[in-house]
Amino acid sequence: MNKGALDITKHWLQQMAEGDEEAFAQLFDAYRRRIYTYIIKVTGSAELAEDAIQDIFLKIWKDRTRLGHVENFNAYLHRMAHNYAYSGFRSMAREELIMAELKKETSPETAHPEQIFLSKEVRAQILELVNQLSPQQRAVFLLSKEAGLKQEEIARKLDISVLTVKKHMGIAVRILREEIRGRYGILIALLINF
């Protein structure tokens with residue numbers, strides 16, 4: 001990266017520290033493709049790459065007052081993208097393990113009658129809890145989990161931002177996990193893939 005580009009990035013970071021949203025937009029436009037390309041290359045997931053852009057730049061905006069001291073923003077951003085990809089891999093692996101274990105435990109051939117009953121009971125409880133969510137949280141949750149829509153599709157359908165979709169989904173999942181954990185214990189809460 002040439003000195004001129006480094007200077008302009010440093011300028012944007014200093015402007016952002018003062019709350020300048022236009023500087024943030026310029027930084028976003030200048031660097032978002034790098035994050036996308038890196039995450040795609042490492043994970044092969046366009047959805048994870050889109051999520052990475054949103055999450056990383058949200059974190060950059062939240063930490064903007066401390067970024068004026070960053071000497072090499074390109075390296076800083078690369079480290080954030082690397083950590084995001086690594087975290088994404090761990091999360092995907094954990095979800096696959098949990099789902100495989102849940103399928104094994106609840107398959108009709110191997111499940112005990114108590115497991116089958118508990119599984120049906122937990123599912124009924126989840127449906128009841130989903131109906132108690134706020135209308136927006138419920139809509140986002142159902143469009144994601146029942147209709148299988150991606151965050152961008154949900155945002156378009158409900159005419160809200162992707163960030164708002166993530167916020168509602170996060171709150172809904174947290175509420176459901178807490179309720180299930182309180183009623184059935186932490187193991188069941190962890191086994192349920194929201």
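Observations, loosely collected:
- Selection of region 126-141 for residues being open to solvent by 30 Å² or more (accessible area, probe 1.4 Å) and farther than 13 Å from Lys166 by Cα yields Leu127, Glu128, Asn131, Gln132, Ser134, Pro135.
- Lone qualifier among Glu109, Glu146 - being open to solvent by 50 Å² or more (accessible area, probe 1.4 Å), modelled with pLDDT of 70 or more and either of a type in the set (Asp, Glu) or under 21 Å from the mean Cα position of the chain (by Cα) (or both): Glu146
- Among the residues of region 44-59, at least one is open to solvent by less than 70 Å² (accessible area, probe 1.4 Å) and either of a type in the set (S, T, N, Q) or touching a strand residue (DSSP E or B) at 6+ places or on another chain (Cβ under 8 Å) (or both).
The values are calculated or read from the model by the stated rules, or taken from the named source; none is laboratory data. Quick caveat: nothing in here was measured; it's all calculated off a predicted structure. In this analysis, Cβ positions are derived from the backbone assuming ideal geometry, glycine residues included, and neighbour counts consider all displayed protein chains. Just so you know, the surface numbers come from the protein's heavy atoms only, side chains and all, with ligands and any DNA or RNA stripped out. Shrake-Rupley method; radii C 1.70, N 1.55, O 1.52, S 1.80 Å.
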